[in-house]
Amino acid sequence: MKGENLELIKTKFLQEFEGAKTSKERRKICKKYLEDELSSVFASLKKLSGKEKAELGKEANNLKELFSSKMTMLKEIKKEKDEWIDVTLPGKKPALGSIHPLTRTQRRCAEILSHMGFVTVEGPELESEWYNFDALNVEQDHPAREMQDTLFIKQKNREKLSPRERLLMRTQTSAVQARYMEKNKPPLKIIVLERVFRNEATDSSHEINFYQLEGLMVEEKLSVANLQAVTKLFFHNFFGSDVDIRFRPSYFPFTEPSFEVDVSCTICKKRGCSACQRTGWLEIMGAGMVHPNVLESAGIDPSQFTGFAFGMGVDRLAMIKYEIDDIRLFYGSDLRFLNQF
Ligand SMILES: [Zn+2]
């Protein structure tokens with residue numbers, strides 16, 4: 001073992017170290033020199049003695065320091081690299097849920113109508129025959145009771161009970177109107193946005209439950225012109241100002257006169273398509289002036305007050321707005337469908 005040998009190892013190390021292309025290679029070189037080369041150097045030092053051993057020992061230690069310092073430097077660089085955060089990179093997007101299309105539609109309806117001064121009121125889903133039919137001028141043997149495929153509730157001695165005691169799942173939100181009129185005096189300006197039930201076979205346009213939007217206004221001197229103005233304003237806000245509205249005469253037991261309201265087809269713009277069965281119009285709403293009998297059974301004097309009412313399916317509104325062709329999608333909880341909203 002001579003001093004020149006140690007000098008040679010140092011030169012060789014530095015050459016290899018500088019020539020390495022990656023820090024991984026450099027770390028490998030440091031490790032090789034620290035472990036293999038140095039252990040053979042220290043082993044040969046053992047054979048020496050006196051001054052020579054002291055001198056060469058010092059140089060060997062310097063060599064060890066050189067390898068270690070390079071190794072430490074590499075570790076520091078790696079640590080810095082691992083800890084470094086690139087603040088210019090885009091952040092991770094949190095997974096957010098979306099609002100159900102029916103809820104979205106309900107909120108939009110409530111928003112538009114509340115700007116016109118309508119207040120949202122609520123009522124029970126389990127209703128009495130009285131509020132669902134009798135108070136709304138639907139007579140006992142009236143076909144409307146069958147027409148709406150009512151889900152009646154099984155009760156003991158049902159036939160002996162009064163209409164206020166006989167229960168059913170409400171078939172229309174108009175039941176809430178009847179309740180509200182009984183407890184509140186005109187002027188009234190309310191909407192109901194709730195679920196109703198029908199005993200129906202389901203298909204792409206029928207469900208056993210769905211949502212209705214119902215509106216009622218009772219005041220002195222209200223006329224069909226007021227109903228038309230409110231209707232027009234609502235649909236222009238909901239679908240856009242380019243939709244047309246038309247009133248057709250119809251029949252409902254609780255209104256007189258009664259109308260079916262159509263909007264011009266939002267898909268084909270009246271040119272005719274499969275959604276509107278080539279007619280250019282979409283049936284959307286039932287409406288009319290509140291029947292005097294309905295006002296009377298709620299304790300409101302029909303000679304002093306008049307009112308109008310309208311009702312439509314929230315599901316149908318959403319189907320037209322978002323061009324959805326199957327009502328069952330709303331209740332299927334399929335995320336592939338719901339994530340689109
Ligand atoms: Zn059309």
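Please treat every number below as a calculation from the coordinates, not as lab data. Predicted model only: the values in this text are computed from it and were never measured. In this analysis, Cβ positions are derived from the backbone assuming ideal geometry, glycine residues included, and neighbour counts consider all displayed protein chains.
Report the relative contact order of region 130-261, percent, no decimals, based on alpha-carbon pairs under 8 angstrom and at least 6 residues apart.
20
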**Asked** Mind checking which of LEU167, LEU295, LEU48 has the largest fluctuation in a GNM of the chain, springs on alpha carbons under 10 Å?
**Response** LEU48
**Asked** Mind checking which of CYS265, CYS30, CYS276 has the largest fluctuation in a GNM of the chain, springs on alpha carbons under 10 Å?
**Response** CYS30
**Request:** Could you check the simple spin-label distance between ARG104 and ASP36, using points 7 Å along Cα→Cβ, in nm with one decimal?
**Result:** 6.7
**Message:** Compute the orientation-averaged projected area for region 3-83 from the convex hull of its Cα atoms and round it to one decimal in nm².
**Reply:** 5.3
**Antiparallel bridge percentage (DSSP; both residues within the chain; nearest 5)** = 95
**Request:** Taking every pair of alpha-carbon atoms in the chain, give the share separated by more than 27 Å as a whole percent.
**Result:** 62
**Prompt:** Simple spin-label model, 7 Å along Cα-to-Cβ: GLU80 to GLU111 in nm?
**Reply:** 5.2
**Asked** In which sequence would MET116, MET312 go, from the one with the fewest C-beta neighbours within 10 Å to the one with the most?
**Response** MET116, MET312
**Asked** What nm value, rounded to one decimal, do you get for the distance between ASN237 and GLU125 when each label is placed 7 Å out toward the C-beta?
**Response** 2.7
**Request:** Hand me the GluC sites (Glu not before Pro) from region 136-232 located in a DSSP loop with no more than 14 other Cβ atoms within 10 Å, in residue order please.
**Result:** GLU139, GLU165, GLU200, GLU220
**Prompt:** Which length gain, in nm to one decimal place, applies between ASN293 and GLU18 when the Cα-Cα distance is subtracted from 0.36 nm times their residue separation?
**Reply:** 88.9 nm
**Request:** Taking only Cα atoms and a 10 Å spring cutoff, compute GNM fluctuations for the chain and point out the largest among ALA225, ALA175, ALA309.
**Result:** ALA225
**Request:** Quick one: angle between helix 101-115 and the longest Cα principal axis of the chain, in degrees between 0 and 90, rounded to 10, please.
**Result:** 60
**Item:** HN-Hα J in Hz across region 226-241 - Karplus 6.51, -1.76, 1.60, θ = phi - 60°, x for Gly and Pro
**Value:** 5, 4, 5, 5, 5, 4, 4, 4, 4, 5, 5, 6, 7, 9, x, 6
**Request:** Mind jotting down the distance between the C-alpha centroids of region 1-58 and region 138-215, whole Å?
**Result:** 96
**Prompt:** Kirkwood Rh, Cα Rg: Rg to Rh for region 194-341?
**Reply:** 1.01
**Prompt:** Can you list the trypsin sites (Lys or Arg not before Pro) in region 276-335 that are in a DSSP coil and have 15 or fewer other beta carbons within 10 angstrom?
**Reply:** ARG278
**Request:** Just flag the trypsin sites (Lys or Arg not before Pro) in region 94-172 sitting in loop per DSSP whose Cβ has no more than 12 other Cβ atoms within 10 Å.
**Result:** LYS154, LYS156, ARG164
